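The structure appears right after this line, and notes come after that.
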Amino acid sequence: MRRFYIIIFILAVLFPNSAGSQEMDRGLFKPSSMVSLATAKKEMKQVYSESGETKTLHCGCYFDKQLQVYPNICDQAYEKRRNKAAKKILRWVHAMPASAFAGSMGCWKNSVCTLSDGSNFKGPDCCAMISPKFKSMESDMHNLIPTIDMSGAMKDNSSSSSQFGGMAEYQICMKDGVVSKEPEAESRGNLARAYMYMSLQYKIRLPDDLEDDLRAWHLEDPPDAGEEKRNSLIELVQGNRNPFIDHPEIVERVRNF
């Protein structure tokens, strides 16, 4: 065994760029067959039920089969501002929000859609009406995550300028009375792999500083058994996988996201 590690070390010294210089196999990225966001959300409920993973991504708050969330049993400490019996409802949001994966689309920026009264509009409703690509992106289950519905308490990040969906949940699990402004360590790897998948799958350019963070998070928080099972269950529904979960090493073969 020691000889094996010595050989690996020598190869790494002699050929330091050999792994990074390999081209990534684009064949790993299969198209999704899902084109309905409503159906995708319904299927996600079943995916999480079958996987046994019944916690929200950001705070680790448990939810039941009726999608009721109990904020008083989260993984992290939180400021008790609600009655212990209080329950909130789960919702599915985009890890990479629509503003990120569709912000450059014409239907998002320009009022190219028309209502029955003759008025024009733009944004997600317009894109969903006229763009097949948008319908595929918004319904891709690899980019959907469970979070507490914080409607009325704080704007959801999928419709705000935040880079990650569902972060309003940090109101529930704040530390020392401070709401997190970036994802906690336990959720960063999952968010990174969802983001990188969307970038490669739909040719979405990422800002350099964000890309650097995502690469680091991917390495610091590698895929676990729950994420791998989720990947397989999603494949059964929409026919494709997130290769960054199956092959974490291919990140080094991507020059730019």
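The values are calculated or read from the model by the stated rules, or taken from the named source; none is laboratory data. None of the values given here were measured: they were computed from a predicted structure. In this analysis, Cβ positions are derived from the backbone assuming ideal geometry, glycine residues included, and neighbour counts consider all displayed protein chains. Surface areas here come from the heavy atoms of the whole protein model, side chains and all, with no ligands, DNA or RNA. Shrake-Rupley method; radii C 1.70, N 1.55, O 1.52, S 1.80 Å.
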- Task: Could you work out how far apart the two model spin labels at Glu50 and Leu210 are, taking each label as a point 7 Å from the Cα in the direction of the beta carbon, and quote it in nm?
- Result: 3.1
- Task: Compute the signed sum of charges (Lys and Arg +1, Asp and Glu -1) over the other residues within less than 14 Å, Cβ to Cβ, of Glu228.
- Result: -3
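Please give the net charge around Leu144, taking every other residue with its beta carbon less than 12 angstrom from that of Leu144, where Lys and Arg add +1 and Asp and Glu add -1.
Net charge around Leu144: +2.
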- Pairwise centroid distance, computed over Cα atoms, of segment 21-43 with segment 165-223, Å: 19
- Query: Taking a 22 Å limit on the Cα-Cα distance, which of the listed pairs Lys45/Lys203; Lys30/Lys65; Lys30/Lys122; Lys65/Lys229; Lys45/Lys229 fall beyond it?
  - Reply: Lys45/Lys203; Lys30/Lys65; Lys30/Lys122
- Accessible area in square angstrom per residue, segment 91-133, 1.4 angstrom probe: 51
- Just add up the charged neighbours of Asp208: K/R +1, D/E -1, any other residue whose Cβ is under 15 Å from the Cβ of Asp208. -1
- Query: Which percent of the accessible area of segment 161-257 is formed by carbon and sulfur heavy atoms (probe 1.4 angstrom)?
  - Reply: 48
- Message: From the gyration tensor of the Cα coordinates in segment 96-208, what semi-axes in whole Å does the equivalent ellipsoid have, largest first, with each one equal to sqrt(5λ)?
- Response: 28, 18, 11
